[in-house]
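S.K.: Encoded as structure tokens, here's the structure I'll be asking about.
The values are calculated or read from the model by the stated rules, or taken from the named source; none is laboratory data. Note that the structure is predicted; figures quoted are calculated from it, not measured. Reconstructed Cβ throughout: ideal geometry from the backbone, glycine too, with neighbour counts over all protein chains shown. The accessibility values were calculated without ligands, DNA or RNA, using every heavy atom of the protein model including side chains. Shrake-Rupley method; radii C 1.70, N 1.55, O 1.52, S 1.80 Å.
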Amino acid sequence: MSQPSFSYQTRQSIIQNLKNEYFDLIVIGGGITGAGIALDASTRGLKVALLEKNDFASGTSSKSTKLIHGGLRYLKQFEFSLVREVGKERSILHELATHLVRPEKMLLPLIKDGTYGKIITSVGLMVYDVLAGVEEEDQRKMLSVEETMASEPLLDQSIIEGGGLYAEYQTDDFRLVTELIKTSVEHGTQVLNYAACTDLLAKGGKVCGVACHDQESGEDFKIYADYVVNAAGPWVDQVRKFNKKVKETKLHLTKGVHIVVPFDQLPVKQSVYFDVPDGRMMFAIPKNDVTYLGTTDTNYKGNPQDATAEKKDIDYLINAVNEAFPTIHLTTEDVLSSWAGVRPLIQEEGKSASEISRKDEIFISDRGLISIAGGKLTGYRKMAKRTVDLVLEMKSSRSGITKKAKSKTKKIKFNGNSFKDTRAVSAYKAKLHKENPKFSKEQIRYLVDLYGDQAAIILGFADQLPGKKEETKLIKAEVRFCIEREMVLHLTDFFIHRTGRLFFDIQSVKDHLALVATDMKHWLDWDTKQMNKEILSMNEEIERATIFK
């Protein structure tokens with residue numbers, strides 16, 4: 001049986017292909033933007049290579065609010081075209097990744113002197129429904145004070161003037177990236193993680209490839225292509241400055257922190273988008289046994305890799321929650337986990353972190369390096385389309401061929417998604433549970449929410465294992481799946497960027513760390529020294545998520 005092409009087992013042959021083949025396009029960056037560009041380009045017939053210096057989705061793309069937004073906040077700025085585009089993208093994404101882009105009700109409480117007044121909210125949400133193409137059953141409902149309090153009894157009734165109930169979509173951002181990349185691989189993209197670009201190659205004054213360092217083997221090699229796209233997120237400026245003549249900075253980095261608390265400490269009845277004392281707004285989002293909260297928005301000057309939740313960030317979020325929900329008394333001790341992401345926004349002089357536009361921008365250097373930054377998770381597909389359109393435009397002017405392939409990604413379902421709609425996902429969960437009664441409904445839900453119809457493969461692996469403890473068998477099967485089919489090389493890859501356990505089930509990381517390390521030692525042929533190093537690295541990530549200075 002041939003090995004899957006997105007696996008640690010085929011890593012060496014991928015490196016050989018990268019070294020020996022000539023590409024139309026090299027994409028630097030394995031986050032949502034880079035993954036989107038790779039899929040768009042490969043499905044238009046381009047030969048594509050994608051390189052990520054760490055693990056896929058290890059930067060900003062695993063540290064968002066994990067919502068596929070409809071663009072409500074843009075209405076306040078009268079950016080109607082943006083609302084229309086983002087709203088349409090949201091419904092497209094729900095079709096492309098039905099198990100991963102899940103409809104959720106969002107409550108917007110209206111308070112005295114708050115961000116949104118009654119009239120602008122009512123009209124705004126109605127316009128939002130029309131522009132964003134919201135289905136009738138999910139369209140907005142304006143609530144009275146009594147209805148708002150019935151929807152969320154934890155709110156402070158003394159300041160509530162009503163509310164709006166509208167539709168948003170919750171997701172697991174790291175899984176979106178993984179499935180996008182796997183879908184791209186199925187269309188011919190050569191993909192490598194832990195492959196750092198160390199320089200740009202040039203010929204005749206134009207970029208013609210990249211110098212690459214494989215952080216696993218230590219090997220240095222070169223990859224050649226007609227075009228290079230820099231989609232490195234917060235590291236975009238760093239890549240641009242491989243060209244020594246480039247001095248200016250295009251990005252303004254801001255940090256966004258989220259915290260996770262036990263659901264019973266903040267048992268909201270649905271997601272809530274609420275005002276905070278400094279004039280910003282925040283989300284409280286229930287997810288299984290936890291509720292997560294965010295986000296902050298502060299300027300960031302350090303290495304994006306080092307961004308962590310600091311004590312002042314935690315205090316800000318806790319104070320905001322305790323103010324909005326007066327019977328809730330969160331403390332730092334209640335925080336189970338956290339994450340801090342760095343947003344690569346486009347520099348705008350004189351604007352604060354929260355005021356800077358989230359629009360994306362493409363810029364081309366004098367040597368032909370194409371860089372893209374800014375944007376939102378929801379808009380990745382349109383960003384990818386615009387980037388590949390530009391690449392084809394440049395290719396056409398160079399070759400004289402005027403016929404250009406159109407983007408196909410609007411119709412290409414993600415790997416793992418064979419579902420027609422949300423009801424079909426629910427039916428699949430029920431079917432799997434009926435066929436595998438020894439696993440709980442919660443375990444089945446977890447697998448399908450993350451892996452879609454690939455859950456059946458993991459359950460099949462679990463059935464092959466000896467022993468009686470189903471939880472142990474399931475995580476061992478999950479490890480095997482992620483190593484054989486999702487290019488997992490390290491404990492951090494599995495616990496953070498494939499499963500999100502560090503964020504939403506940190507106790508399971510602590511409980512299963514030794515077991516998973518032992519299994520990965522077997523699968524990846526580690527010696528004891530390597531295994532201990534891996535455990536140390538994972539424990540450092542647990543500390544980053546739970547200790548605040």
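S.K.: Of everything in the stretch 122-166, what is surrounded by fewer than 22 Cβ atoms within 10 Å (Cβ to Cβ), closer than 27 Å to residue 452 by Cα and touching a Lys or Arg at 6+ places or on another chain (Cβ under 7 Å)? Give them in sequence order.
M.R.: Residue satisfying the conditions is 133 alone.
S.K.: Of all residues in the stretch 34-58, which are touching a helix residue (DSSP H, G or I) at 6+ places or on another chain (Cβ under 6 Å) and open to solvent by 20 Å² or more (accessible area, probe 1.4 Å)?
M.R.: Once the filter is applied, which keeps residues that are touching a helix residue (DSSP H, G or I) at 6+ places or on another chain (Cβ under 6 Å) and open to solvent by 20 Å² or more (accessible area, probe 1.4 Å), the stretch 34-58 yields only 58.
S.K.: Out of the residues in the stretch 197-215 that are within 19 Å of residue 305 (Cβ to Cβ) and crowded, with 16+ Cβ neighbours inside 10 Å, which is nearest to the chain's Cα centre (by Cα)?
M.R.: Once the filter is applied, the top-ranked residue is 197.
S.K.: Is there a residue in the stretch 415-435 that is closer than 22 Å to residue 82 by Cα, modelled with pLDDT of 95 or more and crowded, with 20+ Cβ neighbours inside 10 Å?
M.R.: no
S.K.: Filter the stretch 530-549 down to the residues that are assigned to a helix (DSSP H, G or I), open to solvent by 40 Å² or more (accessible area, probe 1.4 Å) and more than 19 Å from residue 8 (Cβ to Cβ) and list them by number.
M.R.: Selection gives 532, 536, 539, 540, 541, 543, 544, 546.
S.K.: Another question, then. For the stretch 168-190, give me the residue count where each residue is in contact with an Asp or Glu (Cβ under 8 Å, 6 or more places away or on another chain) and either assigned to a strand (DSSP E or B) or within 21 Å of residue 104 (Cβ to Cβ) (or both).
M.R.: Looking only at that region, the number is 5.
S.K.: So, one more: From the list 311, 241, 255, 245, which residue is among the basic types (Lys, Arg), at pLDDT 95 or above and under 30 Å from residue 365 (Cα atoms)?
M.R.: 255
S.K.: Check the stretch 486-493 and report whether any residue there is modelled with pLDDT under 95 and open to solvent by less than 50 Å² (accessible area, probe 1.4 Å).
M.R.: Filtering the stretch 486-493 for residues modelled with pLDDT under 95 gives none.
Within the stretch 486-493, none of the residues are modelled with pLDDT under 95 and open to solvent by less than 50 Å² (accessible area, probe 1.4 Å).
S.K.: Does residue 65 fit the bill of being out of contact with any Leu (no Cβ under 6 Å at 6 or more places or on another chain), open to solvent by 10 Å² or more (accessible area, probe 1.4 Å) and under 30 Å from residue 166 (Cβ atoms)?
M.R.: yes
S.K.: Please go through the stretch 471-484 and give me each residue that is touching a residue at least 40 places away in the same chain (Cβ under 8 Å) and either farther than 23 Å from residue 192 by Cβ or buried (at least 24 other Cβ atoms within 10 Å of the Cβ) (or both), ordered by number.
M.R.: Selection gives 472, 475, 476, 479.
S.K.: Suppose we keep only residues that are of a type in the set (Gly, Ala, Ser) and on the phi < 0 side of the Ramachandran plot within the stretch 216-233. Which one would you say is most open to solvent (accessible area, probe 1.4 Å)?
M.R.: It comes out as 217.
S.K.: Of all residues being without any contact (Cβ under 8 Å) to a residue 12 or more places away in the chain and closer than 14 Å to residue 223 by Cβ in the stretch 1-33, which is least open to solvent (accessible area, probe 1.4 Å)? Just the residue, please.
M.R.: 16
S.K.: Which count do you get for residues in the stretch 262-294 that are open to solvent by 40 Å² or more (accessible area, probe 1.4 Å) and closer than 21 Å to residue 343 by Cα? Break it down into steps so the answer makes sense when it comes.
M.R.: Of the residues in the stretch 262-294, the ones open to solvent by 40 Å² or more (accessible area, probe 1.4 Å) are 263-265, 267, 269, 277-280, 288-289.
Narrowing further to those that are closer than 21 Å to residue 343 by Cα: 278-280.
Going through the stretch 262-294 one residue at a time, the tally reaches 3.
S.K.: Name the one entry in 167, 150 that is more than 17 Å from residue 55 (Cα to Cα), among the aliphatic types (A, V, I, L, M) and within 20 Å of the chain's Cα centre (by Cα).
M.R.: When all the criteria are applied, what remains is 167.
S.K.: What are the residues in the stretch 306-318 that are open to solvent by 20 Å² or more (accessible area, probe 1.4 Å), touching a residue at least 12 places away in the same chain (Cβ under 8 Å) and not in a loop (DSSP other than H, G, I, E, B), if any? Explain how you work it out, then say what you get.
M.R.: Of the residues in the stretch 306-318, the ones open to solvent by 20 Å² or more (accessible area, probe 1.4 Å) are 306, 308, 310-312, 315-316.
Those still in the list that are touching a residue at least 12 places away in the same chain (Cβ under 8 Å) too: 308, 310-311, 315-316.
The answer is 311, 315, 316.
S.K.: Moving on. For the stretch 234-261, which positions are part of a strand (DSSP E or B), out of contact with any helix residue (DSSP H, G or I) (no Cβ under 7 Å at 6 or more places or on another chain) and either of a type outside the set (Gly, Ala, Ser) or surrounded by fewer than 17 Cβ atoms within 10 Å (Cβ to Cβ) (or both)?
M.R.: Result: 252, 254, 255, 258.
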